[in-house]
Amino acid sequence: MPMAQHDPGHLAALLAPLVRGECDVSIGSRYVAQSGYRAPLARRLGMVLFSAVVRLAVGQRITDTTSGYRAYDGR
């Protein structure tokens, strides 16, 4: 059985900054903690490129720009 990209047990940690009003968007990264997930090489290279572009555009480091594990505030 393939490993899940995101652990559902991390949902509370994903939502916590939103609940505390610390951010508008929370993005769960597969690469910050030891999740065991390893993307194919081509995808990893693309993610490095996208991460660099996003960092230049918004001035913030986002480690997993292609993550679908996101939460948004009500606005």
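The values are calculated or read from the model by the stated rules, or taken from the named source; none is laboratory data. If you're wondering where the values come from, they're calculated on a predicted model, not measured in any experiment. Reconstructed Cβ throughout: ideal geometry from the backbone, glycine too, with neighbour counts over all protein chains shown. Only protein heavy atoms, including side chains, enter the accessible area calculation; ligands, DNA and RNA are left aside. Shrake-Rupley method; radii C 1.70, N 1.55, O 1.52, S 1.80 Å.
Listing for the model above:
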item	result
Residue list for the stretch 35-64, filter: closer than 23 Å to Pro8 by Cα and either modelled with pLDDT of 90 or more or within 13 Å of the chain's Cα centre (by Cα) (or both)	Ser35, Tyr37, Met47, Ile62, Thr63, Asp64
Contacts under 9 angstrom Cβ, first residue in the stretch 58-70 being of a type in the set (D, E, K, R), partner open to solvent by 50 Å² or more (accessible area, probe 1.4 Å), 6 or more apart	Arg61/Arg55; Asp64/Ile27; Asp64/Tyr31; Asp64/Val32; Arg70/Val25; Arg70/Ile27
Residues that are open to solvent by less than 90 Å² (accessible area, probe 1.4 Å) and at negative phi, drawn from the stretch 36-57	Tyr37, Ala39, Pro40, Ala42, Arg44, Gly46, Met47, Ser51, Ala52, Val53, Val54, Ala57
Number of positions in the stretch 66-75 that are surrounded by 12 or more Cβ atoms within 10 Å (Cβ to Cβ) and either farther than 21 Å from Gly9 by Cα or aliphatic (A, V, I, L, M) (or both)	1
Filtered residues of the stretch 8-25 (kept if assigned to a loop (DSSP other than H, G, I, E, B) and either over 18 Å from Gly68 (Cβ atoms) or touching a residue at least 60 places away in the same chain (Cβ under 8 Å) (or both))	Arg20, Gly21, Glu22
